[in-house]
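> What follows is a single structure, and I will ask about it in a moment.
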Amino acid sequence: GMLFGISIVVGAAAWYLNLGAGALLIGFVGGLVTALVGVFSKKVRPAVMIAYAAAQGVFIGGLSMFFEAMYPGIAQTAVLGTLATAGAMFAAYRFGWVKVDARFTRIMMFALIGYSVFALVNLGFAVFAGMSAYSSSFGWLIALVGVGLAAFTLNLDFEAIREGAAQRWPKEMEWRAAFGLTASLIWLYVEIIRLLSIFNQQD
């Protein structure tokens, strides 16, 4: 709750202050660096995870302002869509509609790796060639896949939290669980607002 709250508060501040593209880039790079440190560090580093939440707040605040300027109302719709999707995923997990077993985890890992490779390649084309797969006629479908992956990743987070509580993992592992859940929620929001922007372009 604290990490997600930091992202929301900082995001709201970035929105209100309208910090511009520079802050958006800083938030993106800062979030990427702190995420890598948080994921690959053998030691749990709460300060790094707090910094990640703050950097992502700057990023999503700037990103929301950017899309809102083009498509008024899109940020509010994306927030509601994120909360509704996260709630649906939690209900699906809680009532056993989604079984997080070894097969599910393996499929998700391969899917996430594949999507990450695609995202990096697409980013390279966007930066150096001015081309993006999201601008194609199938852009909405690619964005929809991103929303689906982000949504189902939440089930991995829920399962990790359940296992941690059941197996009485060290209390400091709560930070890793919170970090993972916050990262998934932010990713889900980014994918949803991207999908909504593609639909708005087609109107």
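The values are calculated or read from the model by the stated rules, or taken from the named source; none is laboratory data. It should be emphasised that the depicted structure is a prediction, and the values quoted were computed from it without experimental measurement. All Cβ positions, glycine included, derive from the backbone under ideal geometry; neighbour counts span all protein chains shown. Accessible surface is based on the protein model in full, side chains and every heavy atom, while ligands, DNA and RNA are left aside. Shrake-Rupley method; radii C 1.70, N 1.55, O 1.52, S 1.80 Å.
> Would you confirm whether any residue within segment 146-157 is at pLDDT below 90, surrounded by 15 or more Cβ atoms within 10 Å (Cβ to Cβ) and part of a helix (DSSP H, G or I)?
no
> Take residue 177 and decide whether it is in contact with an Asp or Glu (Cβ under 9 Å, 6 or more places away or on another chain) and buried (at least 21 other Cβ atoms within 10 Å of the Cβ).
Details: in contact with an Asp or Glu (Cβ under 9 Å, 6 or more places away or on another chain): yes; buried (at least 21 other Cβ atoms within 10 Å of the Cβ): no.
For residue 177, the condition - in contact with an Asp or Glu (Cβ under 9 Å, 6 or more places away or on another chain) and buried (at least 21 other Cβ atoms within 10 Å of the Cβ) - is not met.
> With part of a helix (DSSP H, G or I) and within 23 Å of residue 75 (Cβ to Cβ) as the only criterion, which of 142, 113, 161 stands out?
Details: 113 fails: within 23 Å of residue 75 (Cβ to Cβ); 161 fails: within 23 Å of residue 75 (Cβ to Cβ).
Matching residue, one of 142, 113, 161: 142.
> Of all helices (runs of 4 or more DSSP H) completely enclosed by segment 1-96, which ones contain at least 1 residues that are of a type in the set (Lys, Arg) and open to solvent by 20 Å² or more (accessible area, probe 1.4 Å)?
Of the helices (runs of 4 or more DSSP H) lying wholly inside segment 1-96, those with at least 1 residues that are of a type in the set (Lys, Arg) and open to solvent by 20 Å² or more (accessible area, probe 1.4 Å) span 74-94.
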